[in-house]
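To start, the structure itself, in structure tokens.
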Amino acid sequence: AVVDQSVQLFCEKCGFLRLDLAQKYAAKHKAFEKTGDPEKDFRFLWVSDFPMFEWDKTENRWNPAHHPFTSLHEEDMTKLEANIDSVHDPKSPLGEIRALAYDVVLNGTELGSGSIRIHRQDIQAKIFQALGMSDEEARARFGFFLEALEYGTPPHGGIALGLDRIVMILAGAESLREVIPFPKTARAVDLMVDAPTPVNETQLKELGIAIRKPTT
């Protein structure tokens, strides 16, 4: 049962239900059975209009759903400007703002993600303000970027595809471990090269790293 009626949690629960039903009935309905026809065997779709911000219950504030450099839909700019100082309001319409972000999916597997980036300094400054940053903090953390935007950055975006996932689907494999040269176990151990291995104190000292063992 859905005990929290928030839209975000409700969508997450529906997503889990969708995956569970797909795994349960895929074989019965021959959902992924190969026919030899590429148009039927390879089913692509685009996922778009991701939220620009998401509510963080732990920090009690809005945070970027992906990162603060993704551009937003032009028609949602008025919502951003009207609610730019509502970072700690869980009912703020900031959650309704859509990002120009997208995923490409093949046969239920995400192949890649991308977005259109912010190329205007005034919009980037407003995003930082909506996240509760003062002008001083934004300049201290991202001054180099804001300054670069002053010189007329062209509109730009892109997408990063997972070659290993594409190979997995083409090979008919069920796991990435079957198509990558150095697969890791569930505990992130590489059995081929016996990694990770212990690091000596000299190496840790050179890197300025100290290991703190948990207290019991």
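Please specify each residue of segment 90-103 satisfying the condition of being surrounded by fewer than 17 Cβ atoms within 10 Å (Cβ to Cβ) and at pLDDT 95 or above.
98, 103
Residue 133 fails exactly one of the following numbered conditions: (1) surrounded by 17 or more Cβ atoms within 10 Å (Cβ to Cβ); (2) in a helix (DSSP H, G or I). What is the number of that condition?
(2)
Can you name the condition, by its number, that residue 36 falls short on among (1) assigned to a loop (DSSP other than H, G, I, E, B); (2) under 20 Å from residue 11 (Cβ atoms)?
(2)
Among the residues of segment 141-171, what is the count of those that are closer than 19 Å to residue 127 by Cα and in contact with a helix residue (DSSP H, G or I) (Cβ under 8 Å, 6 or more places away or on another chain)?
Total satisfying the criteria: 5.
Answer yes or no as to whether residue 45 is surrounded by fewer than 13 Cβ atoms within 10 Å (Cβ to Cβ), modelled with pLDDT of 85 or more and not assigned by TED's automatic domain parsing to the domain that holds residue 169.
Values: surrounded by fewer than 13 Cβ atoms within 10 Å (Cβ to Cβ): yes; modelled with pLDDT of 85 or more: yes; not assigned by TED's automatic domain parsing to the domain that holds residue 169: no.
The answer is no for residue 45.
For segment 162-216, which residues satisfy the criterion of being of a type in the set (D, E, K, R), in the same structural domain as residue 44 (by TED's automatic domain parsing) and either over 26 Å from residue 108 (Cβ atoms) or part of a helix (DSSP H, G or I) (or both)?
164, 165, 177, 178
Tell me yes or no: at least one residue of segment 115-129 is more than 16 Å from residue 72 (Cβ to Cβ) and either surrounded by 13 or more Cβ atoms within 10 Å (Cβ to Cβ) or not assigned by TED's automatic domain parsing to the domain that holds residue 85 (or both).
No: zero hits.
The values are calculated or read from the model by the stated rules, or taken from the named source; none is laboratory data. If you're wondering where the values come from, they're calculated on a predicted model, not measured in any experiment. Every residue, glycine among them, receives a Cβ derived from its backbone with ideal geometry; neighbour counts consider all protein chains shown.
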